[in-house]
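Report on the structure given below.
The values are calculated or read from the model by the stated rules, or taken from the named source; none is laboratory data. On a predicted model such as this, the values are computed, not experimentally measured, just so you know. We place every Cβ from the backbone using ideal geometry, glycine too, and count neighbours over all the protein chains shown. To get the accessible areas, we keep the full protein, side chains included, count just its heavy atoms, and leave off ligands, DNA and RNA. Shrake-Rupley method; radii C 1.70, N 1.55, O 1.52, S 1.80 Å.
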Amino acid sequence: MTHRTRFAPSPTGHLHIGGARTALFSWLYARKHGGTFILRIEDTDLERSTVESVNAILEGMTWLGLEYDEGPFYQTHRFDRYREVMEQLLKEGHAYRCYCTKEELDELRAGQMERKEKPRYDGRCRHRSEPRPGVLPVIRFRNPTEGEVAWDDLVRGRIAFQNSELDDLIIARSDGTPTYNFTVVVDDLDMKISHVIRGDDHVNNTPRQINILKALGVEPPRYGHVPMILGADGARLSKRHGAVSVMQYRDEGYLPEALLNYLVRLGWSHGDQEIFSVDEMIEYFDANAINHSAATFNPDKLLWLNHHYLMHSDPAHVAHHLRWHLGRLDIDPTEGPDPVDVVVAQRERCKTLVEMAQASRFFYRDFDDYDPKSAQKYLTAASVPALESLRRHLAVVQSWEKESLHTVLVATGEEMGLKLGVVAQPLRVAVAGTAVSPPMDVTLHLLGQLRTLNRIDRALQYIEAKKD
């Protein structure tokens, strides 16, 4: 079998966590089996679909590295094909025109509700052969009335519905535009989709889609319905839980592979393993191992994973993403140390790229003010002798390397009878503006000799000015 999966978002918003996980599972299934992953944009909701949302979806897929083999295909480009299949169903008696008015349907529903029956269309137009003057008809699929429709779900096992529970679905509105359940069927048919992995909110759509495919004489794809994602409070995931755009995670300083690793563990597992490379995800992924119960979103776990990836990824790869965050701070990364070296210096203490970029600003640009508490504690008259001595020694350093700089720091402390920390902290505040930075030899090396000397001079001037 040729494995063909698809991700089919509606462009009515950004790519969110739930959609990204569905895309990832579908992508992994195709990659594992040497198959094809298709991107389809289901944009028939003309009022809510936007070009901005399409671009946001494409941008999110690209950032995550979920490359698609075919597409993107747009449903709005396929209306002629939908009409063709619609006519086929009408001609073969699998569909019919329904002339019921809204008022009649409302009355039908109200009566069913009053009798505590399941609201459903009663098929009253199934055998109508004549048009109804002044009424534009919808087109309904003639659902079988007997037997059951069942499938072996990749995630949930066997699922069955009695056909008697399913009413005659509208597959075209009165203006002729096709509805979701119909366009999905035609697309899956034409694109030869073999496996559909999607959220379990589609379970009730699946029997209807299977019946339409069978009416067209086509074997349905295999379906797998993934449980929803919940917030820590047990409610369905929403923005207040972290269900934001995938690209917002980029903006907040997460690496794409950290988010992928987190998403793949939201409802799927491989033993007790927590950290997966993309190759391992592909190798181990099995739809049958997807949990039946809902997954819980844990932002602390995602942050932990991100720090792991900052620590253990190739520094050049992390630097590629750090440059973008430096640019957001209006910093040109060429006007200071190599971002690769900055990553190595900062990755232990920074959990996100935003933290790393902000903590590294002083390497590239002079700061406006000192941290008040740090300045009050360390930039004092008592610090002047050590700062002046350090400035003299650092001014004559020939090789501005970490080893040489460490030697200067140690020698200055010994010369003055002070511990290294007592010497280093005033210097740290002088050059970084705060009492927190990488080790001093690393900090000075990245900062460069000229910037270091200028900032010591500035600190000495600051201390002198405080006397007045």
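Side notes on the structure shown:
- Looking across the stretch 37-67, the residues that are surrounded by fewer than 20 Cβ atoms within 10 Å (Cβ to Cβ) and over 30 Å from Gly176 (Cα atoms) come down to Glu59, Thr62, Trp63, Gly65, Glu67.
- Ile275 meets all of the listed conditions (1) closer than 30 Å to Arg198 by Cβ; (2) aliphatic (A, V, I, L, M); (3) surrounded by 17 or more Cβ atoms within 10 Å (Cβ to Cβ) but one, namely (3).
- From the list Leu387, Leu379, Leu420, the one residue that fits, being surrounded by fewer than 19 Cβ atoms within 10 Å (Cβ to Cβ) and either aliphatic (A, V, I, L, M) or closer than 27 Å to Glu355 by Cβ (or both), is Leu420.
- Number of residues in the stretch 20-58 that are hydroxyl-bearing (Ser, Thr, Tyr), in contact (Cβ under 8 Å) with a residue 40 or more places away in the chain and not in a helix (DSSP H, G or I) equals 1.
Let's see how each residue does on (1) free of Cβ contacts under 8 Å to residues at least 40 places away in the same chain; (2) β-branched (Val, Ile, Thr):
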{"site": "Gly253", "(1), (2)": "no, no"}
{"site": "Val264", "(1), (2)": "no, yes"}
{"site": "Ser269", "(1), (2)": "yes, no"}
{"site": "Gln273", "(1), (2)": "yes, no"}
{"site": "Ala295", "(1), (2)": "no, no"}
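- Scanning the stretch 353-363 for residues that are of a type outside the set (D, E, K, R) and either open to solvent by 10 Å² or more (accessible area, probe 1.4 Å) or modelled with pLDDT under 95 (or both) yields Val354, Gln358, Ala359, Phe362.
- Within the stretch 246-263, the set of residues being in a helix (DSSP H, G or I) and hydrophobic (A, V, I, L, M, F, W, C) comprises Val246, Met247, Ala258, Leu259, Leu260, Leu263.
- Filter result for Lys116 (exposed (fewer than 10 other Cβ atoms within 10 Å of the Cβ), within 20 Å of Ser164 (Cβ to Cβ) and of a type outside the set (S, T, N, Q)): yes
- For first residues located in the stretch 59-85 and farther than 20 Å from Ser174 by Cβ, partners that are part of a loop (DSSP other than H, G, I, E, B) and acidic (Asp, Glu) and lie 6+ apart or on another chain with Cβ distances below 6 Å form the pairs Tyr74/Asp43.
- Residue selected from the stretch 281-334 under the condition of a type in the set (A, V, I, L, M, F, W, C) and surrounded by fewer than 16 Cβ atoms within 10 Å (Cβ to Cβ), by the criterion nearest to His270 (Cα to Cα): Ala289
- Out of Ala160, Ala110, one residue alone is small (Gly, Ala, Ser), in contact with a strand residue (DSSP E or B) (Cβ under 7 Å, 6 or more places away or on another chain) and more than 18 Å from Phe182 (Cβ to Cβ). It is Ala160.
- Scanning the stretch 77-113 for residues that are in a loop (DSSP other than H, G, I, E, B) and either open to solvent by 70 Å² or more (accessible area, probe 1.4 Å) or over 15 Å from Arg124 (Cα atoms) (or both) returns Arg78, Glu92, Gly93, His94.
Okay, residues lined up against (1) closer than 28 Å to Thr36 by Cα; (2) touching a strand residue (DSSP E or B) at 6+ places or on another chain (Cβ under 9 Å); (3) not basic (Lys, Arg):
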residue	(1), (2), (3)
Asp279	yes, no, yes
Ala287	yes, yes, yes
Asp300	no, no, yes
His307	no, no, yes
His312	no, no, yes
His317	yes, no, yes
Ile331	no, no, yes
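- Qualifying residues in the stretch 1-19 (those that are under 20 Å from Glu219 (Cβ atoms) and among the β-branched types (Val, Ile, Thr)) - the one surrounded by the fewest Cβ atoms within 10 Å (Cβ to Cβ): Thr2
- Within the stretch 132-189, being under 20 Å from Glu92 (Cα atoms) and among the small types (Gly, Ala, Ser) holds for Ala172, Gly176.
Yes/no per residue for (1) over 16 Å from Ile463 (Cβ atoms); (2) more than 31 Å from the chain's Cα centre (by Cα):
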position: Pro339; (1), (2): yes, no
position: Val344; (1), (2): yes, no
position: Val354; (1), (2): yes, no
position: Ala375; (1), (2): no, yes
position: His393; (1), (2): yes, yes
position: Thr407; (1), (2): yes, yes
position: Met416; (1), (2): yes, yes
position: Lys419; (1), (2): yes, yes
position: Ala435; (1), (2): no, yes
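Residue by residue, here is whether (1) of a type in the set (S, T, N, Q); (2) free of Cβ contacts under 8 Å to residues at least 24 places away in the same chain; (3) touching a helix residue (DSSP H, G or I) at 6+ places or on another chain (Cβ under 7 Å); (4) in a loop (DSSP other than H, G, I, E, B) holds:
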| position | (1), (2), (3), (4) |
| --- | --- |
| Lys377 | no, no, no, no |
| His393 | no, yes, yes, no |
| Val397 | no, no, yes, yes |
| Val436 | no, no, no, yes |
